[in-house]
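Chemist: Sending over a structure as C-alpha cells; questions will come in a sec.
Values quoted throughout were computed directly from the atomic coordinates according to the rules given, and no laboratory measurement underlies them. Everything numeric here is computed off the predicted structure, so don't read it as measured data. Positions of Cβ are backbone-derived with ideal geometry, glycine not excepted, and every protein chain shown enters the neighbour counts.
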Amino acid sequence: MSMQAWVIGNWKQNPATNHDVNALLDDLLTAVNTEEQVVKNSCRLMVAPSCIHLAAVSARLKDTSVLCAAQDISAHSANTGAYTGDCSAQQVADAGATWTILGHSERRQYHQETHESLLQKLTHALTQNLGVVFCIGETQAQYDDKQTLAVIDTQLSVVKDLLAQQPELAASLSERLIIAYEPVWAIGTGKVPTVAEVSAMHRHIKQTVTGFAESLEAMTVLYGGSVNADNADSFAADPMIDGALVGGASLKADSFLMIANAFS
Ligand code: PEP
C-alpha cells in the first residue's frame with residue numbers, strides 16, 4: 001500500500017430489511033467513532049448499499065467520514081427517461097451517493113454489460129460528479145487459459161476510449177476513478193490469488209493506465225475477492241495494493257473495520 005488506502009464495502013443485495021440496514025450502520029458507526037483516527041487519517045471508508053437503501057444510508061452517513069456509493073447506474077441516461085427499473089447517475093447523486101461502482105462481475109455476468117454500456121455509464125457518472133470504482137477481472141476459465149492480461153487490457157480499454165472522447169478528463173481522472181481488480185473466481189469463493197499475483201496485476205494495471213495518460217500514474221488500484229479480517233494484512237503489506245473492495249466481510253462491522261485497520 002503506497003498512499004492513503006481505500007476500503008470499500010459492496011453490500012450487494014443485502015441486508016434484507018431496513019431494520020437490518022440500520023443495525024449494520026449502528027455497528028459500523030460505533031466502530032468508526034471508536035477508531036476515528038485510523039479511519040480519518042489512514043484509510044478512507046466507503047459502503048455501497050442497494051439502490052433501495054441508498055438515500056437512507058447516505059443520510060445516516062452525512063457528516064461522518066464514511067462515504068456512500070451506488071452499486072450501478074443506468075447506461076441510458078444521466079438524468080431521466082423511460083427506462084423502467086433503472087436509476088440514473090443524477091438520481092443516485094441526489095440520493096446522497098458521491099461514488100458508484102461500475103462493471104462489477106455480477107453486473108457483467110447477470111446483466112450483460114458491454115464495453116459500450118460501461119463507457120456510457122462512466123460518462124454519465126462523471127457528468128454528475130460521481131466518482132467511479134471500476135471493476136475488472138478474469139473468470140476462472142480465462143485464468144486457467146492464461147488469458148488474464150488480455151482480458152484486463154480489454155476491460156481497461158473503456159478508460160482509454162473515455163479519454164479519447166474527453167481528453168480534458170485526464171488531468172483529474174485519478175481522483176475520480178478507482179480501479180478494482182477482482183478475479184471473478186475469487187469473489188465469494190474463499191479462494192484468493194497469491195499476493196505476488198495481485199501485486200503483478202496491479203503493476204500492470206497502473207502501467208497500462210499511465211500509457212493512456214501520464215496523469216493516471218497516481219491511479220488507485222484495489223484488490224477484491226474473498227478479502228477478510230485474516231488475509232487483509234498480507235494484501236495491505238504490498239505497496240502495489242492500495243486497498244480492498246470487500247463483499248461478504250463488509251456485512252459485519254467488526255470484520256470490515258479489521259480490514260480497514262489492516263490497510264491503515
Ligand atoms: C465483491 O463482490 O466485490 C467481492 C469482493 O466479494 P467478496 O469479498 O465476498 O469476495
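Chemist: Has the range 67-88 got at least one residue that is farther than 13 Å from Leu257 by Cβ, surrounded by 20 or more Cβ atoms within 10 Å (Cβ to Cβ), among the hydroxyl-bearing types (Ser, Thr, Tyr) and touching a strand residue (DSSP E or B) at 6+ places or on another chain (Cβ under 9 Å)?
Modeler: no
Chemist: Going through Ala31, Ala75, Ala16 one at a time, which residue ends up being away from the ligand (no atom under 16 Å from the Cβ) and in a helix (DSSP H, G or I)?
Modeler: Step by step, each of Ala31, Ala75, Ala16 is checked, and only Ala31 is away from the ligand (no atom under 16 Å from the Cβ) and in a helix (DSSP H, G or I).
Chemist: Is it fair to say Val192 is over 16 Å from Leu122 (Cα atoms), surrounded by 14 or more Cβ atoms within 10 Å (Cβ to Cβ), within 16 Å of the ligand (Cβ to nearest atom) and among the β-branched types (Val, Ile, Thr)?
Modeler: Values: over 16 Å from Leu122 (Cα atoms): yes; surrounded by 14 or more Cβ atoms within 10 Å (Cβ to Cβ): yes; within 16 Å of the ligand (Cβ to nearest atom): yes; among the β-branched types (Val, Ile, Thr): yes.
Yes.
Chemist: Exactly one of these conditions fails for Ser255: (1) within 14 Å of the ligand (Cβ to nearest atom); (2) surrounded by fewer than 18 Cβ atoms within 10 Å (Cβ to Cβ). Give me its number.
Modeler: (2)
Chemist: Between a first residue in the range 142-156 that is among the hydrophobic types (A, V, I, L, M, F, W, C) and a second residue that is crowded, with 18+ Cβ neighbours inside 10 Å and not in a helix (DSSP H, G or I), which pairs have beta carbons less than 6 Å apart while being 6 or more apart in sequence or on different chains?
Modeler: Close Cβ pairs (under 6 Å, with a partner that is crowded, with 18+ Cβ neighbours inside 10 Å and not in a helix (DSSP H, G or I)) amount to Val151/Glu138; Ile152/Ile136.
Chemist: For the range 196-235, give me each residue that is surrounded by fewer than 18 Cβ atoms within 10 Å (Cβ to Cβ), more than 19 Å from the chain's Cα centre (by Cα) and farther than 24 Å from Leu251 by Cβ.
Modeler: Within the range 196-235, Ala196, Glu197, Ala200, Gln207, Thr210, Gly211, Glu214, Ser215 qualify.
Chemist: Specify the residue that is farthest from the ligand (Cβ to nearest atom); the eligible residues are those in the range 218-238 that are touching a Lys or Arg at 6+ places or on another chain (Cβ under 7 Å) and either farther than 21 Å from Gln140 by Cβ or part of a strand (DSSP E or B) (or both). Can you show your working first?
Modeler: Residues of the range 218-238 touching a Lys or Arg at 6+ places or on another chain (Cβ under 7 Å): 219, 221, 226.
Subsequent filtering for residues that are either farther than 21 Å from Gln140 by Cβ or part of a strand (DSSP E or B) (or both) retains 219, 221.
Numbers: Met219: 18, Val221: 14 Å.
Of everything passing the filter in the range 218-238, Met219 is farthest from the ligand (Cβ to nearest atom).
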